[in-house]
Amino acid sequence: IDLSVSWLGLEMKSPLYNASGVMCRSVEDLEAMRASSAGALITKSCTLEPREGNPEPRYFATKLGTINSMGLPNYGYQYYLDYAQNYDYANNKPLFISISGMTLADNLAIIKAFHERELPCILEVNLSCPNLPGKPQLGYDLPAAQNALEKICEFYDRPFGVKLPPYFDVSHFDQAAEVFNRFDLLKYVTCINSVGNGLVIDVDAESVVIKPKDGLGGIGGDYVLPTSLANVREFVRRLPGKQVVGCGGVKSGAEAFMHILAGAITVQVGSCLYEEGVGAFDRIAQELKDLMAAKGYSKLDDFRGKLKTL
Ligand SMILES: O=C(O)c1[nH]c(=O)[nH]c(=O)c1I
C-alpha cells in the first residue's frame, strides 16, 4: 500500500500532517513534527511581532471536538524564518509556513522577507483566523481577499496556498472560487479552518469554558467533519488546476479516506493531534492502509476525487 503524494514539486511519504496552529508554535513543537511519521509540517500562523495571544483558558476539548480562541500566539515571523533558513530541505519532509499578518502591510512585509531568501518552503496565507476580537477575517471579505492576493502576486512569484474558513452557502463557494481562479500561482487552498465563533457550555458550572470573547471560539473535531468535506468537494469542483488540502474532523483512517475521496490531495489533523500527540499520524496512516487494502486500492490516486453521487 502506497500512501505517497507528489504535488507542488514535493514528495510526501504520507498524506497526513498537522493543521497549522497545532504542534507547531515552538522549535520544539516543529522538531517533534519533523521527527514524526507525518508527511510534512506547517508552522503556527505568524505575525510581524511576537504575540502572547488571548488570556487563558483559551482552548477546551469535549467528546465531540474542540473550541479555541488562542488569539494568534506566536514568536513573530523572524522566528519561523530562522527555522526555515536552517531547515535541511534535501533530507527532510516538506515545510510549509503559515502567515497571518494583522494587516495587509504586515502580510506583505512578512511574505517579502521570505521571498528575498528564496527558500524551498511553501507559504500558506491564512485568510481565516476567527479569534481576533474586532478583526473581521479576510476569508469572509472577498473583495479584501482579492486585493490582498493581487498585492502578493505583484511580487511573489512562487507557488503558494491559502487557508480558508468554512463556507456554507453555494453562492459563496462560487464567489470565492471566482476570486481564487484569478491567481495562477495560488496552487492550493486548505479547507477548512475552524468553524468560527461557536459556544461550548459547561452545564455543571453553568459557564462558558474559554475566557476570550465571552466564550466564543473556533470549533474543530467531529463537529466540523461534514462541513470540511463539503468545502473540500465544492472547491475541488471549482478550482481546476489547483489542489485542495483537507482539514477538519480527521481522527481515523476513515475520515482521511473521506477527505481524499472528496478530492483532497493531502489531509491535515488538528484537534485529534492536539489531544493524542504525534502517535495519531502512525495510527491514522495504518487505519487508512487497512481500509485501502480491504477495498483493493494500492495508492491514493486509485480513489482520490471518486466520491460517488446518487
Ligand atoms: O486563535 C488562533 O490563533 C487561531 N485559531 C484557529 O482556530 N484558527 C486560526 O487560524 C488561528 I490564527
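Placing unit charges on the Cβ atoms of the charged side chains and taking the dipole of the chain about its Cα centre, the candidate lying farthest along the positive direction among P165, G76, S14 is S14. Protein heavy-atom accessible surface, 1.4 Å probe, per residue over region 195-275: 39 Å².
Expressed as a rounded percentage, what relative contact order does the chain have, with Cα pairs under 8 Å and six or more residues apart?
Reported as a whole number, the value is 20 percent.
The L310 and R182 beta-carbon pair, evaluated with R₀ = 41 Å, returns a calculated FRET efficiency of approximately 0.75.
For region 5-49, the list of trypsin sites (Lys or Arg not before Pro) that fall in a loop by DSSP and count at most 14 other C-beta atoms within 10 angstrom is empty.
Ignoring aspartates and glutamates fewer than eight residues from K299 along the same chain, the ones with Cα atoms less than 20 angstrom from its Cα are D2, E11, E255, D282, E287, D290. Taking only protein heavy atoms and a 1.4 Å probe, the accessible area of region 168-310 is 52% carbon and sulfur. Between I1 and A90, the FRET efficiency from the beta-carbon distance, with R0 = 30 Å, is close to 0.65.
Looking at region 102-181, what % of the alpha carbon pairs are farther apart than 15 Å? That fraction is 58 percent. For region 164-248, the set of GluC sites (Glu not before Pro) satisfying both a DSSP loop assignment and a count of at most 12 other C-beta atoms within 10 Å is given as E206.
Loop-located trypsin sites (Lys or Arg not before Pro) in region 66-159 (DSSP state not H, G, I, E or B) with no more than 16 neighbouring Cβ atoms inside 10 Å: R117. Eigenvalues of the alpha-carbon gyration tensor of the chain, scaled by 5 and square-rooted, set the equivalent ellipsoid semi-axes at 26, 24, 21 angstrom, largest first. Beyond a 29 Å Cα-Cα separation, which of these cross-linked pairs lie in this structure: K44/K112; K163/K289; K13/K211; K13/K295; K213/K306; K112/K211? In this structure, K13/K211; K213/K306; K112/K211 lie more than 29 Å apart at Cα.
Taken as Cα centroids, region 12-62 and region 94-116 sit 17 Å apart, rounded to the nearest whole angstrom. With all pairs of different C-alpha atoms in the average, the Kirkwood value for the hydrodynamic radius of region 1-51 is 12.0 Å.
Think of each Lys and Arg Cβ as +1 and each Asp and Glu Cβ as -1; about the Cα centre, that makes the dipole of region 52-174 roughly 320 debye.
For region 218-280 and region 157-204, what is the centre-to-centre distance using only Cα atoms, to the nearest Å? Comparing the Cα centres of region 218-280 and region 157-204, I get a distance of 12 Å. Accessible surface of region 88-137, 1.4 Å probe: 55 percent of it comes from carbon and sulfur atoms.
The values are calculated or read from the model by the stated rules, or taken from the named source; none is laboratory data. Please read these numbers as outputs of a predicted model, since none were measured by experiment. Note that each Cβ is placed from the backbone with ideal geometry, even for glycine, and that neighbours are counted across all protein chains shown. Only protein heavy atoms, including side chains, enter the accessible area calculation; ligands, DNA and RNA are left aside. Shrake-Rupley method; radii C 1.70, N 1.55, O 1.52, S 1.80 Å.
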